[in-house]
Amino acid sequence: MNFSSKLLENAVNEIAQFPGIGKRTALRLVLHLLKQPKTHTHQLAKSLNSLVDDIKLCSKCHNISDHEVCEICRNPSRNEEIICVVEDVRDVMAIENTAQYKGLYHVLGGKISPIEGIGPQNLTIDSLVEKIKKGGVKEVIFALSSTIEGDTTNFYIFKQLEKFNVQTSTIARGISVGDELEYTDEITLGRSITNRIPFEKSL
């Protein structure tokens with residue numbers, strides 16, 4: 001791809017690094033930005049700078065937040081006795097959209113995947129165990145994707161929590177095996193949370 005401008009080429013190369021975006025799509029996006037008023041593009045750049053510089057991870061659940069503790073963890077109406085374990089912020093958003101769950105979350109930051117070099121030490125499993133160890137939590141819901149990596153992660157955490165007096169459950173399999181949580185429709189996901197089953201019965 002030949003560029004008439006080095007500035008254009010640099011912008012295209014940066015945007016082409018996003019998942020699912022090739023150079024042709026990146027070029028269309030950059031040309032679109034050039035057609036917009038400069039104030040729009042400056043606002044976009046400002047938002048991205050603020051995102052990188054100011055975003056935080058909740059000190060309690062590891063969800064993405066504007067504050068030290070996220071809005072969900074600060075909400076006094078949430079049930080602190082139930083923790084839903086998810087892979088990332090997209091899953092939190094998907095479950096929240098169902099309006100069927102009123103407990104708290106714990107965001108792992110991924111799934112155990114030896115092929116990708118991701119082990120338990122790369123996730124926030126230790127902080128989840130410490131949270132359970134302190135007491136006060138009665139149930140942990142595993143809400144990871146129905147994949148081999150998701151099932152492996154569920155089982156690993158289950159073994160870590162066995163020695164504690166806490167109930168473990170998993171979302172019902174209304175979700176097809178291999179499906180990612182974020183792509184599941186809200187009704188199916190909501191029913192899966194409501195009709196969760198003891199984790200031992202899912203093995």
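Values in this text are rule-based calculations from the coordinates and carry no lab data. Just so you know, these numbers come straight off a predicted model, no measurement behind them. Reconstructed Cβ throughout: ideal geometry from the backbone, glycine too, with neighbour counts over all protein chains shown.
Any idea what angle helix 89-98 forms with the longest principal axis of the chain, computed on alpha-carbon atoms, 0 to 90 degrees, nearest 10?
70
To one decimal place, what orientation-averaged projected area in nm² is obtained for the convex hull of the Cα set of the range 13-62? Don't jump to the answer; show the numbers that get you there.
Details: hull surface 18.8 nm².
If you wrap the Cα atoms of the range 13-62 in a convex hull and average its projections, you get 4.7 nm².
Restricting to the range 17-131, compute how many DSSP beta bridges are antiparallel as a %, nearest 5.
40
Specify the longest stretch of the chain that does not include any exposed loop site, a site being one of the GluC sites (Glu not before Pro) with a non-H, G, I, E, B DSSP assignment and at most 13 other Cβ atoms within 10 Å. Walk me through the numbers on the way to the answer.
Values: sites that count: GLU68, GLU162.
Maximal segment without exposed cleavage sites: 69-161.
On alpha carbon coordinates alone, what is the Rg over Rh value for the range 32-153, Rh being the Kirkwood radius?
Numbers: Rg = 17.4 Å, Rh = 16.3 Å.
With Rg and the Kirkwood Rh in hand, the quotient comes to 1.07.
Can you give the FRET efficiency to the nearest 0.05 for LYS134 and SER50, using r as the Cβ-Cβ distance and R₀ = 35 Å? Don't skip to the answer; put the middle values down first.
Numbers: r = 34 Å, r/R0 = 0.97.
Given R0 = 35 Å and the Cβ-Cβ separation, E is 0.55.
For the chain, modelled as a Gaussian network with Cα springs under 10 Å, which listed residue fluctuates most, ASP88, ASP53, ASP126?
Among ASP88, ASP53, ASP126, the largest GNM mean-square fluctuation belongs to ASP53.
Go through the range 54-103 and name the trypsin sites (Lys or Arg not before Pro) that are in a DSSP coil and have 14 or fewer other Cβ atoms within 10 Å of their Cβ. Mind dumping the intermediate values first?
Numbers: sites: LYS56, LYS60, ARG74, ARG78, ARG90, LYS102; in loops: LYS60, ARG78, LYS102.
When the trypsin sites (Lys or Arg not before Pro) of the range 54-103 are filtered for loop state and at most 14 Cβ neighbours within 10 Å, LYS102 remain.
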